[in-house]
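Everything on this sheet refers to the single structure shown next.
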Amino acid sequence: MDWSNRSEWIVPGLAQILEIVLDAAGEQRGLTISERDRIFASGERAHEAGGSLSQLIEAYLAGAGELWENIFGVTEPGQAVAVGRTLRRVSESAVAALASGFEAAQRRSIEAEEALRREVIHDLLTGRADDGLLEERVHFVGVATGRAYRVLVAESSTPVSELGPVQRRVQVELHSRAPERPMTTIVTSGHLVVIAPTDAVADLRIVEEALRSVDSTEWRCGIGNAVLELSEVHRSYDEARESVRLARLFDLQDFVAYDAVLAYRLVAADMSVAEALVDAVVRPLEAASRGDLLATLDAFVAHGGNVAAVARALSLGPRSVAYRLDRIAELTGQSPRDPAGRLTLELALLCRRLVDPAG
């Protein structure tokens with residue numbers, strides 16, 4: 001049989017495949033393992049040649065149609081039905097093997113592309129990327145060049161799985177909400193990371209909206225400062241991770257920008273100072289009561305020093321609140337009514353979360 005060059009380009013070895021099918025049908029048998037392997041390999045080569053699965057099936061069916069005409073033209077009438085049944089079974093096995101080979105090669109290609117994509121993003125986030133190589137490879141991750149970039153790190157109560165449904169659905173949501181601002185997502189260390197070519201924190205609210213639309217889990221999002229070069233993306237990533245850490249430790253709002261948590265960064269910068277503040281303020285209050293004084297101090301801070309509001313919140317009289325405030329000053333040497341003393345006490349409460357997160 002004469003097969004066009006186009007068909008052979010779409011299905012490498014198509015003539016040999018049809019000869020195999022013809023022989024099997026003529027002998028009224030199924031395909032052997034060796035024959036299926038050869039057809040499977042042709043399907044793999046079809047993907048590598050750049051064809052599509054629909055082109056592959058179309059080219060094979062066109063050839064199979066000619067094969068049917070050929071075989072029934074020389075088959076005895078009494079054998080036509082039996083040969084036809086065998087040909088149908090063999091042809092179905094052949095097209096299944098072709099499609100399986102194509103899909104296997106396609107999966108390998110996708111896995112290789114994803115591995116390269118993850119490698120490039122990992123280089124971006126760790127700062128290990130060579131500038132020249134990065135420019136060559138960045139198109140693999142879908143990050144637009146020549147813009148300012150911010151990195152967002154999202155953390156939930158349940159670690160996110162790599163290549164799991166949350167990442168895929170968030171990526172789809174982001175594309176539908178902001179197709180003109182391509183954002184790249186990846187999962188690392190159980191966190192969802194988004195690299196966004198934007199200079200405005202407000203633009204990244206789209207990510208928060210996307211997260212909430214695909215998963216009802218409680219999310220905390222940290223955002224790094226904007227950087228102007230791809231090679232500096234790792235700095236924004238480090239800042240975003242630190243923002244998430246501080247949000248977790250201090251129970252901050254769920255969308256935290258690095259440049260908006262300066263006071264918390266200062267408190268967390270030196271653990272020795274944090275431990276000293278806890279020892280000087282929190283421990284004496286814990287030892288002197290069953291938590292009443294700490295609860296009073298928490299309420300005093302939360303209500304901006306308004307004694308009447310503290311009394312209502314704790315179901316106490318104003319005099320009882322005043323007495324507890326005096327006891328706090330006596331035990332710690334820091335008066336809640338004095339601005340400097342109040343600052344020290346508030347910092348101690350913040351440091352308690354650093355020193356004893358479970359408490």
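The values are calculated or read from the model by the stated rules, or taken from the named source; none is laboratory data. In this text the structure is predicted, and so the values were computed from the model without any measurement. Because the Cβ atoms are built from the backbone with ideal geometry, glycine has one as well, and the counts that use them run over all protein chains shown. Calculation scope for accessible area: heavy atoms of the full protein, side chains included, ligands and nucleic acids excluded. Shrake-Rupley method; radii C 1.70, N 1.55, O 1.52, S 1.80 Å.
Quick look at the values:
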| item | result |
| --- | --- |
| Residues (in contact with a Leu (Cβ under 8 Å, 6 or more places away or on another chain) and in contact (Cβ under 8 Å) with a residue 60 or more places away in the chain) located in region 252-277 | Y264, V267, A268, M271, A274, L277 |
| Residue within region 334-346 that is of a type in the set (A, V, I, L, M, F, W, C), within 24 Å of L246 (Cβ to Cβ) and touching a Ser or Thr at 6+ places or on another chain (Cβ under 8 Å) present | yes |
| D279 outside any helix (DSSP H, G or I) and of a type outside the set (S, T, Y) | no |
| Residue check for R248: part of a helix (DSSP H, G or I), under 21 Å from the mean Cα position of the chain (by Cα), farther than 19 Å from A148 by Cβ and in contact (Cβ under 8 Å) with a residue 60 or more places away in the chain | yes |
| Options T217, T185, T198: the member that is outside any helix (DSSP H, G or I) and in contact with a Lys or Arg (Cβ under 7 Å, 6 or more places away or on another chain) | T198 |
| Answer residue from region 209-230, given it is within 17 Å of T158 (Cβ to Cβ), in contact with a strand residue (DSSP E or B) (Cβ under 6 Å, 6 or more places away or on another chain) and surrounded by fewer than 21 Cβ atoms within 10 Å (Cβ to Cβ) and is modelled with the highest pLDDT among those | W219 |
| Failed criterion for A340 (all others in (1) in a helix (DSSP H, G or I); (2) within 43 Å of the chain's Cα centre (by Cα) hold) | (2) |
| Candidate set: region 231-242, residues that are touching a helix residue (DSSP H, G or I) at 6+ places or on another chain (Cβ under 6 Å) and not acidic (D, E); chosen: the one nearest to P197 (Cα to Cα) | V233 |
| Residue in region 300-307 that is out of contact with any Asp or Glu (no Cβ under 7 Å at 6 or more places or on another chain), in contact (Cβ under 8 Å) with a residue 24 or more places away in the chain, under 30 Å from R212 (Cα atoms) and open to solvent by 60 Å² or more (accessible area, probe 1.4 Å) present | no |
| Scope region 187-197; condition open to solvent by less than 10 Å² (accessible area, probe 1.4 Å) and β-branched (V, I, T); matching residues | V187, V193, V194, I195 |
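The rows are residues; the columns are (1) farther than 27 Å from A263 by Cα; (2) outside any helix (DSSP H, G or I).
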{"position": "R312", "(1), (2)": "yes, no"}
{"position": "L316", "(1), (2)": "yes, yes"}
{"position": "R319", "(1), (2)": "yes, no"}
{"position": "L345", "(1), (2)": "no, no"}
